[in-house]
Amino acid sequence: MNEVTYQQELQRSGHLVYTNVGTSMMPMLRQKRDLLIIEPRPQGRCKRYDVVLYQRPSGQYVLHRILKVRKNDYVLCGDNRMIKEYGVQEDWIFGILTGFVRDGKQISVKDWRYRCYVHLWCDFFWVRAGVIWLRTVMKRGKRKYEKKDR
């Protein structure tokens, strides 16, 4: 059976609806629970805060948010990540998130609550990175503590 790529499905149907695998876009997108609505990327440059679907040269598909638009590339990062990805090229990007479905309710990227989340979560990147780092350290400590009790 032939597998259809994300790019082919976008060309064929004009949109892509699927659940994500991975935790890089939490807390906004919950793994295997929320439905993503992806449309073909519009002509021209993408904008800051757009969540784009792209394919790395390795073949890996990634859905991350644009934090900075530079002259020749983009800086992206998942909402649940501390490390930014530099050098994402224009021609790697083929889709853009236009909304998602959570618990049966569709949320548009134009919704005011979504936009507030984006600004709070992205404009204070270093605070977010600190929260993620602290959460990671606490989880590791909890695992060590639980292992010690056995």
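The values are calculated or read from the model by the stated rules, or taken from the named source; none is laboratory data. All values derive from a computational prediction rather than experimental measurement. Please note: Cβ atoms are built from the backbone with ideal geometry, for glycine as well, and neighbour counts cover all protein chains shown. Note: areas computed on protein heavy atoms with side chains; ligands, DNA, RNA excluded. Shrake-Rupley method; radii C 1.70, N 1.55, O 1.52, S 1.80 Å.
Within segment 92-101, can one find any residue that is open to solvent by 90 Å² or more (accessible area, probe 1.4 Å) and either within 29 Å of Y18 (Cα to Cα) or out of contact with any strand residue (DSSP E or B) (no Cβ under 8 Å at 6 or more places or on another chain) (or both)? Full working, then the answer.
Filtering segment 92-101 down to residues open to solvent by 90 Å² or more (accessible area, probe 1.4 Å) leaves none.
No.
For segment 116-134, which positions are over 15 Å from L67 (Cβ atoms) and exposed (fewer than 11 other Cβ atoms within 10 Å of the Cβ)? Don't jump to the end; show me each part of the working.
Of the residues in segment 116-134, the ones over 15 Å from L67 (Cβ atoms) are 116, 130-131, 133-134.
Hits for segment 116-134 are C116, L134.
Within segment 7-48, which residues are assigned to a strand (DSSP E or B) and of a type in the set (D, E, K, R)? Working first, answer last.
First, the residues of segment 7-48 that are assigned to a strand (DSSP E or B): 16-19, 35-40.
Scanning segment 7-48 gives a single hit, E39.
Per-residue answers, yes or no, for (1) basic (K, R); (2) part of a helix (DSSP H, G or I); (3) without any contact (Cβ under 8 Å) to a residue 40 or more places away in the chain:
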residue	(1), (2), (3)
Q106	no, no, no
R113	yes, yes, yes
Y117	no, yes, no
C122	no, yes, no
W126	no, yes, yes
G130	no, yes, yes
W133	no, yes, no
T136	no, yes, yes
K142	yes, yes, yes
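Among G99, G95, G87, which is the only one that is more than 20 Å from M26 (Cα to Cα), modelled with pLDDT of 95 or more and part of a strand (DSSP E or B)?
Numbers: G99 fails: more than 20 Å from M26 (Cα to Cα); G95 fails: more than 20 Å from M26 (Cα to Cα).
One residue alone meets the criteria, G87.
Taking only segment 49-80 into account, find how many residues are in a loop (DSSP other than H, G, I, E, B), among the basic types (K, R) and without any contact (Cβ under 8 Å) to a residue 24 or more places away in the chain. Spell out the reasoning first.
Step one: list which residues in segment 49-80 are in a loop (DSSP other than H, G, I, E, B), which gives 49-50, 56-60, 70-73, 78-80.
With the extra rule that they be among the basic types (K, R), the set shrinks to 56, 70-71.
Subsequent filtering for residues that are without any contact (Cβ under 8 Å) to a residue 24 or more places away in the chain retains 70-71.
Number of matching residues: 2.
When the residues of segment 18-42 are narrowed to those that are of a type in the set (S, T, N, Q) and modelled with pLDDT of 90 or more, which ends up nearest to Y74 (Cα to Cα)? Explain how you work it out, then say what you get.
Of segment 18-42, the ones of a type in the set (S, T, N, Q) are 19-20, 23-24, 31.
From the residues that got through so far, the ones that are modelled with pLDDT of 90 or more too are 19, 23-24, 31.
Values: T19: 25, T23: 21, S24: 18, Q31: 25 Å.
Once the filter is applied, the top-ranked residue is S24.
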